[in-house]
1. With +1 on each Lys and Arg Cβ and -1 on each Asp and Glu Cβ, and nothing else charged, work out how big the dipole of the chain is about its Cα centre, in Debye to the nearest 20.
2. Given +1 on the Cβ of Lys and Arg, -1 on the Cβ of Asp and Glu, and no further charges, what dipole in debye does region 1-143 carry about its Cα centre, rounded to the nearest 20?
3. With a 1.4 Å probe and all protein chains in place, put Ile218, Ile213, Ile21 in order of accessible area, largest first.
4. With n ≥ 4 as the cut-off for DSSP H runs, can you work out [θ] at 222 nm for the chain, using -39500 (n - 2.57) per run divided by the number of residues, rounded to the nearest 500?
5. Once Lys and Arg get +1 and Asp and Glu get -1 on their Cβ, which of Val12, Gln68, Gly101 lies farthest toward the positive end of the dipole of the chain?
6. How high is the FRET efficiency between Met1 and Phe251 when r is their beta carbon distance and R₀ equals 51 Å, given to the nearest 0.05?
7. Place a label point 7 angstrom from the Cα of Leu173 along the Cα-to-Cβ direction, then list the residues of region 193-222 whose backbone nitrogen is under 15 Å away.
8. Mind giving me the nanometre distance, one decimal, between the label points for Glu118 and Leu166, set 7 Å out from Cα along Cα→Cβ?
Amino acid sequence: MIKKLWNRTPLVIKAILTGFIVSTIGVMPWPILGTTLPLPLAIFLMIGFLWAYLKFFSGHWGPARSRQNRASKFRSISLPWRIIFPSIFAIALIVLIEQAGLIVTFRIMEFPAAKFLEEYNFIENIPPWAGWLSIIMISAVAGICEEVGFRGYMQFPLEKRYSPLLSISIVSLVFVLVHLHQAWSGPILIHIFFISVLFGSIAYYSGSLIPGIIAHFIMDVFNFSFWWTDLGGQFSKKTLAVTGIDGHFVFWLIALILGIFSFVFLMRKMAKQA
């Protein structure tokens, strides 16, 4: 009965549900481990869980009848050299675009520091070494599990039926929706959508989740250490309404524009080499 109902479910719904569940399975253990166990032990156990998570959802472990299906959704693990080098530059560009976008935005509008800091203020109350370990672990969990769930299990099936643009757009819309509960999401919903488009693009054109996982991890380390906590510094620039257009704003605006154009160029180059 359940199998028959699932087979009749539209592909879009199946892809969204599957991707969300796969992502949630990976993300959920860390809040439990991180709040109930000593940090070193929690990290050790979470690393073991992530290893098993990757083994299963990449098709290396689990029922033989579904291994090929899981492996295809996980995309390629090995990248040819002609894709590796553009992917490295694309990773750097995603991080640059995201950070430049936030800086430009919060020079135009006032940075809502209270909203950004309230969710992870526990990091301010633990030793710096523990705070950095927590940031690295949270970033790794998000980078791995969100990319596997959203850009793998959700986006890959959609690509088989719809255009890359539509598939990436659907996933990016869902990516925004699942982040609405975050206190900091309100002012940067467009950013969340756009960054998801970048992650979806690099997954599609590289044929792998690896570049997106790395970019997502690095991006979140920056976000957690600088935007969502004060561990790595604090954004204290005034808005343009106070300072007027200055060199700082112009620099980051140019960096944002050049980053976007460079990323598009790299994606086109990777498409030709695929």
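1. Numbers: 21 positive and 11 negative charges, 328 e Å.
Here the chain has a charge dipole of around 1580 debye.
2. Values: 13 positive and 5 negative charges, 254 e Å.
Dipole magnitude for region 1-143 comes out near 1220 debye.
3. On the way: Ile218 60, Ile213 25, Ile21 90 Å².
Correct descending sequence by accessible area is Ile21, Ile218, Ile213.
4. Numbers: 14 runs with 193 residues, N = 274.
Here the helix-only value at 222 nm equals -22500 deg cm²/dmol.
5. So the residue we want is Gln68.
6. Values: r = 61 Å, r/R0 = 1.19.
Efficiency for this residue pair is about 0.25.
7. 193-194, 197
8. About 4.0 nm separates the two model spin labels.
The values are calculated or read from the model by the stated rules, or taken from the named source; none is laboratory data. Just so we're clear, the structure is a prediction, and the values are computed from it rather than from any experiment. Glycine gets a Cβ as well: all are built from the backbone with ideal geometry, and neighbour counts include every protein chain shown. For accessibility, only protein heavy atoms count, side chains too; no ligands or nucleic acids. Shrake-Rupley method; radii C 1.70, N 1.55, O 1.52, S 1.80 Å.
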